[in-house]
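The values are calculated or read from the model by the stated rules, or taken from the named source; none is laboratory data. In this text, all values refer to a predicted model and were calculated from it rather than measured experimentally. Cβ sites come from the backbone with ideal geometry, for glycine too, and all protein chains shown count toward neighbours. For accessibility, only protein heavy atoms count, side chains too; no ligands or nucleic acids. Shrake-Rupley method; radii C 1.70, N 1.55, O 1.52, S 1.80 Å.
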Amino acid sequence: MVDITGAVAEAVTALSVDGGAVLVHVPHTTAAVTINENYDPDVKHDMLKQLETLIPKTETYYQHDEGNSDSHVKTSLVGNSALVLVENGDLVLGRWQGVYFCEFDGPREREM
């Protein structure tokens, strides 16, 4: 999980978005975007460990030939986009919130 809050804020500034919302979208089937706490780094750790527990890397019933079925399932659960409100040119996030890019099958080159 990579904190991309600053990159999203920079894009909002570069695009002169004063109000409304921006859609942060990852056009990949094994990467996701989410909004979560960005103050305590243990939250990222805990989320990734829980996802790993719920969706193991290997299962006897996985049939996808590339061996990354778990990454597809994680992406479907987390989601490949997040809508972030913008007010007066600033992201509207809670005090401890940040926007995260989640790489479940990498590292790879990605677009956002």
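Summary table
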{"item": "Using alpha-carbon coordinates, inclination of helix 41-54 to the longest axis of the chain, degrees", "result": "40"}
{"item": "Helix-only mean residue ellipticity at 222 nm for the chain, each DSSP H run of n ≥ 4 adding -39500 (n - 2.57), per residue, nearest 500", "result": "-9500 deg cm²/dmol"}
{"item": "For the stretch 9-50: rounded, prolate or oblate by the Cα gyration tensor [a/c cutoff 1.5]", "result": "oblate"}
{"item": "Inter-centroid distance (Cα atoms) of the stretch 4-28 relative to the stretch 36-112, Å", "result": "18"}
{"item": "Solvent-accessible area per residue for the chain (1.4 angstrom probe, square angstrom)", "result": "64"}
{"item": "Where Rh is the Kirkwood radius over Cα pairs, Rg/Rh for the chain", "result": "1.02"}
{"item": "Nitroxide proxy distance, nm - points 7 Å out along Cα→Cβ at Tyr39 and Tyr61", "result": "4.0"}
{"item": "Relative contact order for the stretch 1-98, counting Cα pairs under 8 Å that sit 6 or more residues apart, in percent", "result": "48"}
{"item": "Three-way shape label, the stretch 25-80, alpha-carbon gyration tensor, a/c 1.5", "result": "oblate"}
